[in-house]
Amino acid sequence: MKGQKLWKKLKGYLLENKDYNPDINEVQIFKKEMKDDILIYYVEDVIIKQSNKQLLPDKSQLNQVNENDIDNTGAFYWPSEIILTQYILSDIDKIKNYNIIELGAGRSGFCGLVLAKKGFNVILTDGNQQIINELKENVILNEINIQVEVLKWQSGDPYVNTCGLISDCFFFENYHDDLIKMIKRFCFVIGAAPSRGGSLERFINKCTNNNIECKQLNIFYDTQIILFKNFN
């Protein structure tokens, strides 16, 4: 229920002007501590830093949807990316020897940062230019040199020997068709998300109807880990 609790808190903040105070202990997976407004995660042999502002939702980002026709969930911090990271690390051979592109990386790009620090070739992407600017700041904070770029979901040439990662980007159903087009460009995609009113299940059904295999790999808290892969 962790993701659902956070969703309710964000809804209250955005729609009812309630206070929003992020709880860094909502998902207890990796050891972490706050130092000088920097949240520090200890992920196996890797240290990942997140600025405190990345834990706070930014109402101004809501306008980005109407102006640029993009999914704005990257404006908020979601624990599903932490959960996705835990799963990936528990079965890291699944992505061994693949390039990594994180879709909808948001302001933190947590999973991609961890994998980059572990030696993977990683590109962090999001469709929101303002989010990309903040994501670049987070990359600098973590003292790592990796590619960060704006990427709109659409059809295109397949990515060679590349795995996609995505967390909690299935809620806005008007972007489902575009995301399906993106998934078909990868060797496979591993995603993580809670149900969110059945939106994840509806996305999975749409994928199946578009010849994409969907397999539940695991579930942590209320978050499902799903493998998406084109039928051969």
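The values are calculated or read from the model by the stated rules, or taken from the named source; none is laboratory data. Predicted model only: the values in this text are computed from it and were never measured. Backbone-built Cβ (ideal geometry, glycine too); neighbour counts: all protein chains shown. Just so you know, the surface numbers come from the protein's heavy atoms only, side chains and all, with ligands and any DNA or RNA stripped out. Shrake-Rupley method; radii C 1.70, N 1.55, O 1.52, S 1.80 Å.
In whole Å, how far is the Cα centre of segment 182-206 from that of segment 131-170?
If you average the Cα positions of each part, the centres end up 17 Å apart.
Set the Förster radius R0 to 22 Å, insert the Cβ-Cβ distance between ASN210 and GLN129 as r into 1/(1 + (r/R0)^6), and round the FRET efficiency to 0.05.
According to the calculation, E is roughly 0.15.
Mind checking the full-extension length gain between ILE40 and LYS118? Use 0.36 nm per residue of separation minus the Cα-Cα distance, one decimal, nm.
26.4 nm
Tell me the net charge near LYS229. Cut-off is 9 Å between Cβ atoms, LYS229 excluded, with +1 for each Lys or Arg and -1 for each Asp or Glu.
Net of charged neighbours comes to 0.
Can you give the % of DSSP beta bridges in segment 82-232 that are antiparallel, to the nearest 5?
Close to 45 percent.
Sum up the charges of everything whose Cβ sits under 13 Å from the Cβ of ASP157, counting Lys and Arg as +1 and Asp and Glu as -1, but leave ASP157 out.
Combined, the nearby Lys, Arg, Asp and Glu give +3.
In whole Hz, what ³J(HN,Hα) sequence does segment 156-166 give by Karplus (6.51, -1.76, 1.60; θ = phi - 60°), x for Gly and Pro?
x, 5, x, 7, 6, 6, 10, 9, x, 10, 8
Largest first, how would PHE172, PHE228 line up by accessible area (1.4 Å probe)?
Ranking PHE172, PHE228 by accessible area, largest first, yields PHE172, PHE228.
Could you report segment 138-232's accessible area per residue, 1.4 Å probe, as an integer in Å²?
Numbers: 4540 Å² over 95 residues.
Normalised by residue count, the accessible surface of segment 138-232 is 48 Å².
How do GLU33, GLU81, GLU137 stack up against each other in accessible area, from largest to smallest, with a 1.4 angstrom probe? List each step's numbers first, then the result.
On the way: GLU33 60, GLU81 15, GLU137 95 Å².
I get GLU137, GLU33, GLU81, largest accessible area first.
Would you rank GLU149, GLU134 by solvent-accessible area, highest first, keeping every protein chain in place and using a 1.4 Å probe?
GLU149, GLU134
Too long at a 30 Å Cα-Cα cut-off: which of LYS32/LYS136; LYS35/LYS136; LYS49/LYS184; LYS35/LYS229; LYS31/LYS181; LYS49/LYS215?
Going by Cα-Cα distance, LYS49/LYS184; LYS35/LYS229; LYS31/LYS181; LYS49/LYS215 fall outside the 30 Å limit.
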